[in-house]
Amino acid sequence: MPARIWKFAPFRFLLLWLCLGQAASSLAHEIRPAVATLTLEPDGRYEIAIVVNMEAVIAGVSPQHRDTDESPNARDYNRLRALAPDALRKMIEAEAARYLDGIELQFDGAPVRLNLSGTEVPPVGDIALSRQTMMRLTGTVPAAVKTLTFSYASRYGSCVVRVREGERLDAVWLRNGERSAPYVLGKGFDQRTLAAVLREFTVLGFTHILPLGLDHILFVLGLFLLSTRMAPLLIQVTAFTIAHSVTLALSVYGIVSLSPTIVEPLIAASIVYVAVENMLTSQLKPWRALVVFGFGLLHGLGFAGVLQEVGLPHGQFVPALISFNVGVELGQLAVIMLAYLAVGIWGRNKTWYRPRVVIPTSAAVAAVGLFWTVQRVLGG
């Protein structure tokens, strides 16, 4: 690459934008971790409800591919994505035995046979997005057992395992085919150290921003683009951080609750707002920080959705919540740092910065946010 082109700051920002665009494309085809919820019933029965991308399992798409289109089996996967629910259900039931061979549930170290009791396949939606099938497995807990463990084959990717016992809900995140720590009946996964919980939930918070949280990335970029001065950015980021920290805590404690069908479109609309305002003004208006604070409350509810899906460790609830929030903040700071290194350090005091960087980039961000808003309102 010619050095004189690389020195042109708008080119660097364009390169960053293209990378974000590629990330958006990848996210649309990414294999999400399976979520297995094991419910222990008072009468001695158990049920495992696994939410998983069964098209990827049947097609043999390796979780090592960040984008399903990179897999040599991408054509088979895309064909399965377009199947009607009944047709796909028949294929899943035919492949169920092979899939279950990669899952092992043990009680006191002894494996039990897993029985498929039902399959729930959603209707065909946007075939660029993964369809999450519900696999239900049932059985009986052996008498007088004290512990259980769960493992998920690495060929299927990672898996979040949640164990529900009465009012208790504990969770672990299994990667690379690892087996869970023993779940002690009546006590939970109490073998995990504080350091392990802090590490796990900090990583979870960071990855929810980079690379997985493209909507949050675009919102933070919208804050970054407003002004060439650092003070407006710090005011907005502080307001956003305080707000989403408050609703994240209130939501996971069950004090505040709002349906994702309301939260997700509003998060997308918040992206549109900050991007459009960036094009209309270059100064931080008095109401901007208050509006950003309000949008931060919405984003906090979005972050809480991740924790509600994964589950917080029962005995280390507060450390897990704090470390997740720390991970989110580190992810946001990483986005700002990348944007600053790409163009801010070179161009934020240049006369061409606003017409060549702020306006066109904000317009692109607004267009993406508007598309997501309409898509989420319509349930796409």
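The values are calculated or read from the model by the stated rules, or taken from the named source; none is laboratory data. From a predicted model like this one, the values you see are computed outputs, not experimental measurements. Please note: Cβ atoms are built from the backbone with ideal geometry, for glycine as well, and neighbour counts cover all protein chains shown. Ligands, DNA and RNA are excluded from the accessible area calculation, which covers all protein heavy atoms including side chains. Shrake-Rupley method; radii C 1.70, N 1.55, O 1.52, S 1.80 Å.
Here are a few things to note about the model shown:
- The length gained on full extension between residue 352 and residue 94, counted as 0.36 nm times the residue separation minus their Cα-Cα distance, comes to 86.8 nm.
- When 287, 352 are compared by accessible area at a 1.4 angstrom probe, the order from most to least is 287, 352.
- For segment 102-113, putting each phi into the Karplus relation 6.51 cos²θ - 1.76 cosθ + 1.60 with θ = phi - 60° gives couplings of x, 10, 9, 10, 10, 10, 6, x, 9, x, 10, 7 Hz, in residue order, rounded to whole numbers and with x for Gly and Pro.
- Angle of helix 230-252 to the longest C-alpha principal axis of the chain, folded into 0 to 90 degrees and rounded to 10: 20°.
- Calculated accessible area for segment 193-351 comes out at 42 Å² per residue, all protein chains present (probe 1.4 Å; ligands, DNA, RNA ignored).
- Across segment 221-239, no residue has a backbone nitrogen under 13 Å from the label position 7 Å along the beta-carbon direction of residue 287.
- Site pair residue 230 and residue 86 shows an inter-label distance of 6.5 nm when each label is modelled 7 Å from Cα along Cα→Cβ.
- Computed from label points 7 Å out along Cα-Cβ, the spacing between residue 363 and residue 317 is 5.0 nm.
- Label-to-label distance for residue 345 and residue 153 is 4.7 nm, based on points extended 7 Å past Cα in the beta-carbon direction.
- For the chain: relative contact order, % (alpha-carbon pairs under 8 angstrom, 6 or more apart): 19
- With a Förster radius of 51 Å applied to the C-beta separation of residue 113 and residue 333, the computed FRET efficiency comes to 0.55.
- Taking trypsin sites (Lys or Arg not before Pro) as exposed when their DSSP state is a loop state and no more than 10 other Cβ atoms lie within 10 Å, the longest site-free interval of the chain runs over 114-380.
- Sulfur and carbon atoms: percent of accessible area, the chain [1.4 Å]: 63
- Segment 194-233 versus segment 325-362: alpha-carbon centroid distance in Å: 13
- Near-label residues of segment 354-380 by backbone N, under 12 Å of a point 7 Å along Cα→Cβ of residue 261: 377-380
- Neighbourhood net charge (14 Å Cβ-Cβ; Lys/Arg +1, Asp/Glu -1) for residue 222: -1
- Assuming charge only on the beta carbon of Lys and Arg (+1) and of Asp and Glu (-1), the dipole of the chain about its Cα centre is about 1400 debye to the nearest 20.
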